[in-house]
Structures are given as structure tokens and as C-alpha cells.
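Colleague: Got a structure for you, questions after.
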Amino acid sequence: QVQLVDTGGGLVQPGGSLRLSCAASGIPFSIYVMGWYRQTPGKQRELVARINSDGKTNYADSVKGRFTISRDNTKNTVYLQMNSLKPEDTAVYYCNGAGYKGGYWGQGTQVTVSS
């Protein structure tokens, strides 16, 4: 059974930081492309950051220089370090794993940036 569990969301003030984690099971994690997406009400889910099996990363322009995606293949976990958070970063953040066995989503974790 495939499971992706997103954790780490919460309420933070503008300029603050959060670290999201996604623990995966049931997939060959080390060869999967892992990503973080986010969604706000009435809008499509959008890519935030992605990391390939070789560690190559790409980011949405809106988060470049503020967010960092990383992975620990020994723990089957992908992280999203979010710094200098802005109110417009408020969204539900979803972990995604994509590979030859298919694509899978976490349940989502709410991030709210507000004073």
C-alpha cells in the first residue's frame, strides 16, 4: 500500500519559516521524482518545487531563493524548507511522488502566513 504523509504545516508570521516533511512508503522512493505542490481555493494546484532521483531540483519562480527542497533516501522522506514566508504563500501544500509505478499524493498540510 502506497502512503505519502505530509506534515509540518501551521500558522506563521510573514518573514517566518516552516519545514514541511513527506514520509513515503510503498514506493521505490530513491528512484522517484518527488515534489511539493500547493493549492488555494478556486485555483489549480501548482508546482512549488521538485527534486529528481539524482538530486536535481527546480522551483517555481515565486519561491526561488526562499524555498529549498531536499530528500533523504535513507528515511524515504522529502522536505521543503520555506523561509521568508509571505501571505501569498498561504495554501494547502501537497507532496507528490511520480515514477514507473504511478503518481501519488499526500493528504496535504495547511500553511497559513498571517500576522
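Colleague: For segment 61-115, how many residues are over 12 Å from the mean Cα position of the chain (by Cα) and among the small types (Gly, Ala, Ser)?
Modeller: The number of residues fulfilling the criteria is 9.
Colleague: While we're on this one: Output yes when any residue across segment 1-10 is open to solvent by 70 Å² or more (accessible area, probe 1.4 Å), over 16 Å from Gly108 (Cβ atoms), touching a strand residue (DSSP E or B) at 6+ places or on another chain (Cβ under 7 Å) and not aromatic (Phe, Trp, Tyr), and no when none is.
Modeller: Within segment 1-10 (the criterion being open to solvent by 70 Å² or more (accessible area, probe 1.4 Å), over 16 Å from Gly108 (Cβ atoms), touching a strand residue (DSSP E or B) at 6+ places or on another chain (Cβ under 7 Å) and not aromatic (Phe, Trp, Tyr)), the answer is no, since none of the residues qualifies.
The values are calculated or read from the model by the stated rules, or taken from the named source; none is laboratory data. Remember, predicted model here, so these are calculated numbers, not experimental data. Quick reminder, even Gly has a Cβ in these numbers, built from the backbone with ideal geometry, and neighbours come from all protein chains shown. Just so you know, the surface numbers come from the protein's heavy atoms only, side chains and all, with ligands and any DNA or RNA stripped out. Shrake-Rupley method; radii C 1.70, N 1.55, O 1.52, S 1.80 Å.
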